[in-house]
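Working notes, beginning with the structure itself.
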Amino acid sequence: MITVTDLTMNFGGQTLFTDVNLRFDPGKRYGIVGANGSGKSTLLRILAEQEPPSKGD
């Protein structure tokens, strides 16, 4: 299981997301949907520990 708590990410003076809380359960499929530049790839890089968040675990 992957758990995200109070995740915030600021990038280039813009806030991509604030205080996000998620839980990904094993064996389930999830999709991440959003407009271009909304932070989808950044969220995945944070989950893969390739980029640190501005705040949160």
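The values are calculated or read from the model by the stated rules, or taken from the named source; none is laboratory data. Because the structure is predicted, anything quoted here is derived from the model rather than measured. Neighbour counts run over all protein chains shown; Cβ positions are idealised from the backbone, glycine included.
As a summary of the residue check, A48 satisfies the conditions (1) of a type outside the set (V, I, T); (2) in contact with a helix residue (DSSP H, G or I) (Cβ under 9 Å, 6 or more places away or on another chain); (3) modelled with pLDDT of 90 or more except for the one numbered (2). When region 23-43 is filtered for residues that are farther than 20 Å from G13 by Cα and not acidic (D, E), the ones remaining, listed by number, are R23, F24, P26, G27, K28, R29, Y30, G31, I32, V33. Of all the residues in region 1-29, those that are assigned to a strand (DSSP E or B) and farther than 11 Å from G39 by Cβ number 10. With respect to L22, determine if the residue is touching a strand residue (DSSP E or B) at 6+ places or on another chain (Cβ under 7 Å) and either polar (S, T, N, Q) or surrounded by 10 or more Cβ atoms within 10 Å (Cβ to Cβ) (or both). Yes; evaluated as a whole, the condition is true for this residue. The set of residues in region 25-57 being among the small types (G, A, S), loosely packed, with under 10 Cβ neighbours inside 10 Å and under 15 Å from V4 (Cβ atoms) consists of A48 alone. Of the residues making up region 1-23, those that are in contact (Cβ under 8 Å) with a residue 12 or more places away in the chain, on the phi < 0 side of the Ramachandran plot and not aliphatic (A, V, I, L, M) number 8. Pairs linking a residue in region 31-46 that is more than 10 Å from L16 (Cβ to Cβ) and without any contact (Cβ under 8 Å) to a residue 40 or more places away in the chain to a residue that is assigned to a helix (DSSP H, G or I) and among the charged types (D, E, K, R), with Cβ atoms under 7 Å and 6 or more positions apart or on different chains, are I32/K40.
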